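Here's the structure, in structure tokens; my notes come after.
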Amino acid sequence: SLIRENIENSNIHLFVAYKLSDKKDIKIPLGILLSVDHGSTTSFLIGYLNKYGREINANYQLFWHAIIYGKEKGKKFFDLGGITENTTKGILQFKRGFNGEQYNLVGEAWGFSII
């Protein structure tokens, strides 16, 4: 749905990691990364790695290509997404390993009209 909604703006990007088979003509999928551009930022939305993709850390390659692509398109920031107290140690280490600037959002809030 996201891609169909934004196809005119071409601001959603899908990156796919493959491994070439021994026959060299067959690509074996390892994982995907979906990012979206907004303003001066590219944000990570969705990522998936299969078992082999996790074993060889294909996510590093996927993120590297997504970040470089955003930079080539003139984006100034790449948002890796949030972390919480429930974020696993591995994901926390991965995100902090980029040595980016961590920031906090306001969070969820409720609003209502007083008029």
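Within region 46-66, work out how many residues are open to solvent by 40 Å² or more (accessible area, probe 1.4 Å) and touching a residue at least 24 places away in the same chain (Cβ under 8 Å). Matching residues across region 46-66 total 4.
The residue that is least open to solvent (accessible area, probe 1.4 Å), counting only those in region 73-91 that are of a type in the set (D, E, K, R), under 25 Å from SER40 (Cα atoms) and part of a loop (DSSP other than H, G, I, E, B), is LYS75.
Looking only at region 7-26, residues that are out of contact with any Asp or Glu (no Cβ under 9 Å at 6 or more places or on another chain) and either outside any strand (DSSP E or B) or at pLDDT below 90 (or both) come to 9 in all.
The values are calculated or read from the model by the stated rules, or taken from the named source; none is laboratory data. Being a predicted model, the structure only gives us computed values, none of them experimental. So basically every Cβ, Gly included, is an ideal-geometry build from the backbone, and we count neighbours across all protein chains shown. For accessibility, only protein heavy atoms count, side chains too; no ligands or nucleic acids. Shrake-Rupley method; radii C 1.70, N 1.55, O 1.52, S 1.80 Å.
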